[in-house]
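Each value in this text was obtained by applying a stated rule to the coordinates, not by laboratory testing. Quantities reported herein were computed from a predicted structural model and do not represent experimental measurements. Note that we place each Cβ from the backbone using ideal geometry, even for glycine, and neighbour counts take in every protein chain shown.
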Amino acid sequence: MEKFDLIVIGGGPGGYPLALREASKGKKIALVESESELGGTCLNWGCIPTKSLLASAATFRSLKKASEFGLSCDNPSFDWQKILKRKNDITLQLRQGILKLLENKGVTIFKGKAVLNKNKIVKISGYEEPVTADKVCLCVGSVPFVPPVFPVNRDIFWTSNEALIADKVPESLLIVGGGVIGTELGQVFCEFGSKVCIVEMLPQILTGLDSAVAKRLTPVFKKGGLEILTGKKVESLTEVDGRAKAVIDGKERTFEKVLISVGRRVNMSFAQGSDIELELERGLIKVDDFYRTSEPGVYALGDAIKGPMLAHKASYDAMILSNQWNECEDSKKIKADYSLVPSCVYTHPEIAWVGKNEDNLKELNIEYKTGRSMFSANGKALTAGEGEGQVKVLLSADDKLLGAVIWGPEAGNIINEATILAGFKLSCEEYGMLIHPHPTLSEAFSEAVENARGLGVH
């Protein structure tokens, strides 16, 4: 039985960075991936493919608005198969890059389903001999959750996986769930001609987003063509004559396709047929501050444990765990802090937030100051034809950043200003001494901070 220093189960945004970090220390590393390709959900079925489709949708939207820029582009059209090919080419390029990095670091890659047993013995489908290691880390990610009452015909009733490989744009699409996946893919298909209806049972779309911002964004999305029903429930779904029949709030409607987007669950396939029982907490693998599970020598990170199910959070976990494994006294003090993990939604307009929002602060009875800056007053936004949106920052009484939410152009990039400001515990006075180039979108964040301090000039 071959022995390694570390076996990483899962080659996603938590697994492969951990393998690379530990291999860089001279360790003997094995990485096991059950899918045909490396990269995990983010690269193959999530972040990257959806952003590719969103980029195609954004370009198509720009072509339809060409006249606003003094350009002529009458009756633009699209080729869905070429859009899919572009998406696939991008993911292939990135997968090849990951593979090359792992090979260059000497990581042994096993392609097959892993089953973790006691004493850190890992059986891999397609291989006769099991492998073992001093440490095993479960970087197993998550899978779309489909309630058992929903139909199983994936030709009609999609998860996000099926939506990303759809052979054509459906004439009509019902999306069950108004989270990140639902809103992003809803906009993609809407932009290319689908009649899209998003049904969210909670009072707002994008749970976790500042409720005032969610309320403001809903009509913006509707103006873009989306039908959004909040506080409503899809009471039943059935297949009738090759279409989906839905009962929504007591009313029957039919759709060509349905996208079920109601969350994700930990991928526990590694435990099927295993002789170990890991302690779970609310459906997640329970770990301590050092990512240790209830099984000695077995660790877990990323979507499988507490914290937001985000690719950058998984990569952050990998960095923290690798640093904890450094053999020095300071490594015992390193612990993860998820309070400043930014969230992004790459719709049009983009949305991003970090830290606490107004709802949180009111619940906690924390005093705060609010500062806003509108993109309608930002020169760079206006030149790009993207003047809709705002930056909102929340400051403590002593001018420390508590949280921020942005909706508008490049929100996902601008939110880094807030993450750095809060993460390094800079005072807003110190931040105010930084010079932002003009004209840039980041000026909007700086102006929101100044406005919160009562020093704004715009």
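Remarks
- Segment 264-305 shape via C-alpha gyration tensor axes, a/c threshold 1.5: oblate
- Anchor LYS257: lysines whose Cα lies under 18 Å away (excluding residues fewer than 8 positions away in-chain): LYS168, LYS195, LYS233, LYS245
- DSSP bridge orientation in segment 157-262 - percent antiparallel, rounded to nearest 5: 40
- Cα→Cβ-extended label distance, 7 Å offset, between LYS369 and VAL457, nm: 1.8
- The convex hull defined by the C-alpha atoms of segment 349-452 has an orientation-averaged projected area of 5.9 nm².
- Value at 222 nm in deg cm²/dmol, rounded to 500, when DSSP H runs of n ≥ 4 in the chain each add -39,500 (n - 2.57): -9000 deg cm²/dmol
- For ASP134, neighbours were defined as the other residues whose beta-carbon sits under 14 Å from its Cβ, and their charges (Lys and Arg +1, Asp and Glu -1) total +2.
- Calculated log₁₀ intensity ratio I(q)/I(0) where the Debye formula runs over C-alpha points of the chain, q = 0.09, 0.10, 0.13 Å⁻¹: -0.68, -0.84, -1.31
- Above-threshold pairs, the threshold being 21 Å between Cα atoms, out of LYS335/LYS392; LYS286/LYS313; LYS27/LYS313: LYS335/LYS392; LYS27/LYS313
- Order by protection proxy (mean Cβ within 10 Å, highest first), peptides 154-167, 402-415: 402-415, 154-167
- As a rough guide to protection, the peptides 183-193, 207-217 ranked by mean Cβ packing within 10 Å, highest first, stand as 183-193, 207-217.
- Sorting CYS73, CYS139 by the number of Cβ atoms found within 10 Å of their own Cβ, with the fewest placed first, yields CYS73, CYS139.
- Equivalent-ellipsoid semi-axes of segment 287-367, from the Cα gyration tensor, Å, largest first: 29, 16, 12
- Measuring nothing but how far apart in sequence close Cα pairs (under 8 Å, 6+ apart) lie, relative to its length, the chain scores a relative contact order of 13 percent.
- Convex hull volume per residue in cubic angstrom - Cα atoms of segment 203-254: 95
- Beta bridges by DSSP in the chain, antiparallel share as percent, to the nearest 5: 55
- For segment 376-435 versus segment 66-121, the gap between their alpha-carbon centres in whole angstrom: 31
- Cβ crowding within 10 Å averaged over residues, with 50-56, 123-129, 446-452, 384-390 ranked highest first: 446-452, 50-56, 384-390, 123-129
- Taking the inverse of the mean 1/r over every pair of distinct Cα atoms in segment 164-271 gives a Kirkwood hydrodynamic radius of 14.5 Å.
- Percent of Cα pairs exceeding the 23 Å cut-off, where the set is segment 31-158: 56
- Separation between Cα centres of segment 3-65 and segment 226-276, rounded to whole Å: 26
- Amide hydrogen proximity for VAL140: with H placed 1.01 Å from N in the peptide plane, the residues at 5 or more positions away or on another chain lying under 5 Å are LEU301, ALA304.
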